[in-house]
Amino acid sequence: MGACMALCSLASCASCLCGSAPCLLCGCCPSSNNSTVTRLVFSFFLLLGTLVSVIMILPGMETQLRKIPGFCQGGTTIPGIENHVNCDVIVGYKSVYRMCFAMACFFFLFSAIMIRVKSSKDPRATIQNGFWFFKFLILVGITVGAFFIPDGTFHDVWFYFGIVGSFMFILIQLILLIDFAHSWNEVWVRNAEEGNSKCWFSGLLFFTVLHYALAFAAVVLFYLYYTKPDNCAEHKFFISFNLILCVIISVVSILPKVQDASPQSGLLQSSIITLYTMYVTWSAMTNNPNRECNPSLLSLVSNISTTEAMPTSSPGMVQWWDAQGIVGLVIFLFCTFYASIRSSSNAQVNRLMQTEEGKGTVGGEEVGEDGLRRVVDNEEDGVTYNYSFFHFHLLLASLYIMMTLTNWYKPDITTQAMQSTMPAVWVKISSSWLGLGLYLWTLVAPVIFLNRDFN
């Protein structure tokens, strides 16, 4: 009897991985919508590729691989067996570029396939919501093929793809943060109106003050460590200009006319956007090739002079553990997870993100004959998110991860080194300006266009 039950369970899992049947949920899991589960699984593919990239760029990984007998060219050998693997390609920044190239191709493929899917009745929706095992094999196959791409100009060209894609993904991150802040404020204000108002409003005040305090502390540290009295004019401009813009959006968010048109707007959202803008400003300044204006974090902590902090003997060393890179990964993980489960009532954000939350049918809990919960198909009448745009968003996320793990350094195909460049600085700074402009538009648009519904 136990063997029969095990075989039935295995068959159910096989239908989930290899077929189009809705995936099974364990008995302790709540019933979930098809749209949410699909986004989570695709996001898991992205996170899996990110984890592989992080492992392959770890310091000393190539040294450890060369110790494996008969594996790396130039490494430990086994008599009679020739080492064929070029470990210089499967570790370091080259491996990150190839892994993220494979993920970008994978998501581009599905983005093209899923154009104009309107409901789960479309045959392509079956591909979107099932066949996970075959999708994984496709991703693995593209990844293996990517590692056979000749060096040549691949890294140099793909760097510019990464720059453009990362610029667009930073904007998407900002949109998701705006949406998160609106949802956060809306929920807490509603709880305050229904229950203990003093407690909820105190919480809103606390986090608002905390975000502004962290942003102000960041500005002070920027002026202290990333500017010099007779140098670093660009940094002085970046810090001052972004600070002025953040003050403007904060003031605009509490203007009476803005509050009347958009009661859900407020200082909590502005504080989050201000703090994120300071992060992007910091991230941009860390890419300045002028080391006098860009001290390393280790030199700041150890109180070492900037001229001694970064030796020039090893320009190809990429410190993926740089603090701004780690913060970038944390924000990326949060935004990726939030994009997979978000259910926003903000119409402006939904239009920007190509989602139509709440459009799909709301199904009840579906329980199979075996007593296990199944994913509910809530998109028979219409999809709740744009399939194609979601994959395009993950494509941009792949490029952003590539740039973040390599600290936005540009590969030099002649010296095989990684160099920091000013274009990366301007891309990040301009994305912060455009992001602030988008947030300002969400505040003033309801005031300018009074006859349009922005709720």
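Bear in mind these aren't lab numbers, they're just calculated from the coordinates by the rules spelled out. Keep in mind the model is a prediction, meaning the values are calculated, not measured. For neighbour counting, all protein chains shown are included, and Cβ atoms are generated from backbone atoms with ideal geometry for every residue, glycine included.
When a/c reaches 1.5 or more, the comparison of a/b and b/c decides; with that in mind, is the stretch 118-264 rounded, prolate or oblate per its Cα gyration tensor?
Oblate shape, in that a/c is at least 1.5 and b/c is the bigger or equal ratio.
Over the stretch 90-130, one equal point on each Cα, no solvent: what is log10 I(q)/I(0) by the Debye formula at q = 0.22 Å⁻¹?
-0.69
Order these peptides, 170-176, 205-211, by their mean beta-carbon neighbour count within 10 angstrom, highest first.
Top to bottom by mean Cβ count within 10 Å: 170-176, 205-211.
Ranked from highest to lowest mean number of other Cβ atoms within 10 Å per residue, what is the order of the peptides 388-400, 230-242, 425-437?
Result, highest mean Cβ count within 10 Å first: 388-400, 425-437, 230-242.
Name the residues whose placed amide hydrogens come within less than 5 Å of the amide hydrogen of Asn33, ignoring near sequence neighbours (fewer than 5 apart) on the same chain.
Val376
Projected onto the charge dipole of the stretch 101-237 (+1 at Lys/Arg Cβ, -1 at Asp/Glu Cβ, origin at the Cα centre), which of Ala112, Trp200, Leu221 gives the Cα projection farthest towards the positive end?
Of the listed residues, the answer is Ala112.
Once label points are set 7 Å from the Cα along Cα→Cβ at both Glu193 and Lys118, what is their separation, rounded to one decimal in nm?
Simple spin-label model gives 3.6 nm for this pair.
Give a residue-ordered list of calculated ³J(HN,Hα) values for the stretch 280-287 (Karplus: 6.51 cos²θ - 1.76 cosθ + 1.60, θ = phi - 60°; whole Hz; x for Gly, Pro).
4, 4, 4, 4, 5, 5, 6, 9
Among 215-227, 280-292, how do they line up by average Cβ neighbours within 10 Å per residue, starting with the highest?
280-292, 215-227
Please turn the phi angles of the stretch 386-400 into ³J(HN,Hα) values with the Karplus equation 6.51 cos²θ - 1.76 cosθ + 1.60 (θ = phi - 60°), one per residue in order, whole Hz, x for glycine and proline.
Here the 3J(HN,Hα) series is 6, 4, 5, 5, 4, 5, 5, 4, 5, 4, 5, 5, 4, 5, 5 Hz.
Which FRET efficiency value, to the nearest 0.05, is calculated for Phe389 and Phe148 with the Förster distance at 30 angstrom and r the Cβ-Cβ distance?
Numbers: r = 31 Å, r/R0 = 1.03.
After rounding to 0.05, the efficiency reads 0.45.
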